[in-house]
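J.: Structure provided below as structure tokens; questions to follow.
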Ligand code: DP6
């Protein structure tokens, strides 16, 4: 019983920041993202048959060739517990993951990581989940992973446990340019920073109200194929999220002077007639949304600010190998949007 899955990160155009229910990983608002076609995570889960009291503790996790024994192992183990519950199994597993996202740098490494883990683990434990249920499962590992299951441009619905999943939406052709200013770990993880923002930022209630409206505006802009509006909303929503986070106490500031310089350079590109819009997640790196035909020009213009990587719109999570699992071989996480609920 072994399965391998590949998933890609996604960058939110309308951000998820804060949970309505931490135990079920339900977000306070909906969000919208574009999946990338760079920085894949490849994860193999092997269910090795051992089971019984306390044996789950034998789950092993290797990330980029190194055995993990800290909090990341606990998170993987808790996630495997959810899969075991669904599968009615108490067998332990080994997880081997190759993650090409700079881990912890605010480039959504947990999104591709938990999306690949959800796809591989559910198959290795013999589950045959619909894309929707896989998205709900990935949500329990990390919120942003919900949106890496469908890939493409996707909306993640707020709601209850059944209703909070991501699905693809129609959108015009888009590309992104990732400007990596600093690939080191961030000073405070997004999970803790969300908690502090909710507890202490006076701006948080306004964030929830305005973002709920913004999701609707973004869905309209995507449906209309209005790239300019999508870009304007994307940059505005990112800055609102950072303002809300900076309002926490003690304050949290993810953007540094070089990040702000990239936002300025992107505004200059716009003034020069190139459609480009900046966004940033829980770290100093900046991601620039642009049209596919402009991505080369945007990448050249921003090359002086850090490592620059161009990305198109990426695929959803998919199984690339499954042996002895009783679930269909590759192809997987296919276009079955509904079903098995
Ligand atoms: C700023 O998905 O990493 O990237 O659900 O606690 O695992 P947890 O948080 P995570 O947060 C992502 C926050 C963000 C915005 C976004 O991706 O929507």
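J.: Is at least one residue of segment 192-213 assigned to a strand (DSSP E or B) and outside the structural domain of residue 133 (by TED's automatic domain parsing)?
T.: No, every residue in segment 192-213 fails to be assigned to a strand (DSSP E or B) and outside the structural domain of residue 133 (by TED's automatic domain parsing).
J.: Let me ask something else about it. Take the residues of segment 164-178 that are within 16 Å of the ligand (Cβ to nearest atom) and under 28 Å from residue 260 (Cβ atoms): which is surrounded by the most Cβ atoms within 10 Å (Cβ to Cβ)?
T.: 176
J.: Do you know which of the residues in segment 1-25 that are within 10 Å of the ligand (Cβ to nearest atom) and assigned to a strand (DSSP E or B) is surrounded by the most Cβ atoms within 10 Å (Cβ to Cβ)?
T.: 10
J.: I'd like to check which strands (runs of 3 or more DSSP E) are fully inside segment 237-322 and have at least 1 residues that are out of contact with any helix residue (DSSP H, G or I) (no Cβ under 7 Å at 6 or more places or on another chain) and surrounded by fewer than 18 Cβ atoms within 10 Å (Cβ to Cβ).
T.: 307-311
J.: Let me ask another. Just checking, how many residues over segment 140-163 are near the ligand (Cβ under 8 Å from one of its atoms) and over 18 Å from residue 222 (Cβ atoms)?
T.: Number of matching residues: 5.
J.: Applying the selection to segment 209-246, what residues are farther than 24 Å from residue 263 by Cβ and within 16 Å of the ligand (Cβ to nearest atom)?
T.: Result: 212, 219.
J.: Quickly run through segment 189-208 and pick out the residues that are over 13 Å from residue 19 (Cα atoms) and more than 15 Å from the ligand (Cβ to nearest atom).
T.: Result: 200, 202, 203, 206.
J.: Failed condition for residue 120, given (1) within 18 Å of the chain's Cα centre (by Cα); (2) within 22 Å of residue 218 (Cα to Cα), with all others met?
T.: (2) is the only condition that residue 120 fails.
J.: Additional query: Does residue 131 satisfy the condition of being away from the ligand (no atom under 11 Å from the Cβ), over 21 Å from residue 68 (Cβ atoms), at pLDDT 95 or above and crowded, with 22+ Cβ neighbours inside 10 Å?
T.: When the stated conditions are applied, residue 131 passes them.
J.: Here's another thing I want to ask about it. If a residue has to be surrounded by fewer than 21 Cβ atoms within 10 Å (Cβ to Cβ) and modelled with pLDDT of 95 or more to count, how many in segment 99-126 make the cut?
T.: The qualifying residues number 1.
J.: Among the residues of segment 42-62, write down those that are crowded, with 17+ Cβ neighbours inside 10 Å and either modelled with pLDDT of 85 or more or outside the structural domain of residue 77 (by TED's automatic domain parsing) (or both).
T.: Matches in segment 42-62: 42, 43, 44, 45, 46, 47, 59, 60, 61.
The values are calculated or read from the model by the stated rules, or taken from the named source; none is laboratory data. What you are looking at is a predicted structure, and each value in this text was computed from that prediction instead of being measured. Please note: Cβ atoms are built from the backbone with ideal geometry, for glycine as well, and neighbour counts cover all protein chains shown.
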